[in-house]
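Student: Below is one structure. I have some questions about it.
The values are calculated or read from the model by the stated rules, or taken from the named source; none is laboratory data. For clarity, every value in this text was computed on a predicted model and none was experimentally measured. Neighbour counts are summed over all protein chains in view; Cβ atoms, including those assigned to glycine, are modelled from backbone coordinates with ideal geometry. The area values use the complete protein model at the heavy-atom level, side chains included, leaving out ligands, DNA and RNA. Shrake-Rupley method; radii C 1.70, N 1.55, O 1.52, S 1.80 Å.
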Amino acid sequence: MAKKEEGKELLENPELIKEKLEGIEHWAERNPKIIIGIVSALILVVGGYFGWRYYIDNQEGEAQKEMFQAIHYFESDSLNLALNGDGNNLGFLQIIDEYGMTPAGNLANFYAGAICLKQAKYSLAIFYLEDFKANDLLIQPRAYSLIGDAYMEQKDYENASKWYDKASGYKPTKEFTPTYLMKAALAYEKLNKNDKAKEIYQEVIDKYWESSEVQSAKKYKARLETNS
């Protein structure tokens with residue numbers, strides 16, 4: 001309350017404002033080194049930020065150029081060249097090492113993880129895919145689903161179900177979420193958690209009845225109900 005009254009008094013009394021400002025001015029005159037230190041620190045922080053942004057932007061441009069050939073190899077199913085490079089062009093692993101702090105370097109983690117999964121290097125696939133981070137509707141849940149696939153291949157159905165749940169729960173879309181739900185249901189069946197699997201199949205039937213997965217969901221749910 002006292003602070004509020006003091007603030008009101010300052011606003012209503014120009015002389016008091018002048019007195020306060022003069023006090024600050026006198027303090028600054030008596031402490032020039034502190035003022036210089038504060039100003040220098042602010043300059044360093046602001047300059048450092050813009051310098052860092054300039055560096056990252058330059059790195060991103062270089063990384064995107066390197067990514068072009070690696071993605072071409074990936075799409076051509078030349079997985080070793082995509083992952084390790086061809087001697088002239090960098091592969092995804094080198095891009096991660098050299099440009100890891102850029103968006104392109106981050107995306108290289110996704111490609112590296114997908115390749116390792118195809119090559120049955122499941123632990124490495126999980127390592128790279130977990131390092132990938134994005135906010136989009138498509139690639140991030142896809143990465144979660146691929147991690148689930150890696151665990152399924154290792155017969156670690158508990159972890160597989162968790163990652164499929166994460167994929168299906170991340171910004172759901174009618175195009176891709178039903179696929180992730182079906183994978184989750186299968187993982188729960190492998191864990192003998194048939195009630196949970198039936199619940200997920202029913203979710204596909206109720207929420208994604210226009211999807212191509214709905215007929216399979218009905219069939220698999222009916223099978224579980226028949227066998228229970």
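Student: Just to confirm, what accessible area per residue do you get for the range 89-228 at 1.4 Å probe, in whole Å²?
Tutor: I get 51 Å² per residue for this part.
Student: Does the range 143-228 come out rounded, prolate or oblate by the C-alpha gyration tensor, with a ≥ b ≥ c the root eigenvalues, rounded set by a/c under 1.5 and, if not, prolate when a/b is larger than b/c and oblate if not?
Tutor: Because a/c hits 1.5 or more and a/b fails to exceed b/c, the range 143-228 counts as oblate.
Student: Follow-up. Taking Cα centroids, how far is the range 124-154 from the range 61-81 in Å?
Tutor: First find each Cα centre; the distance between them is then 19 Å.
Student: Farthest toward the dipole's positive end in the range 106-228, which of 173, 141, 202, given Cβ charges of +1 (Lys, Arg) and -1 (Asp, Glu) about the Cα centre?
Tutor: Ranked along the dipole, the leading option is 202.
Student: Going by accessible area, probe 1.4 Å, with all protein chains left in place, what is the ranking of 139, 96, 200, largest first?
Tutor: 139, 96, 200
Student: If you don't mind, another one. With the cut-off at 22 Å, tell me which of the pairs 118/207; 171/193; 196/219; 171/207 have Cα atoms farther apart than that.
Tutor: The pairs that break the limit, which is 22 Å between Cα atoms, are 118/207; 171/193.
Student: How big is the C-alpha Rg of the range 71-147 next to the rule-of-thumb value 2.2 N^0.38 Å, as a ratio?
Tutor: Against the empirical 2.2 N^0.38 Å value, I get 1.01 for the range 71-147.
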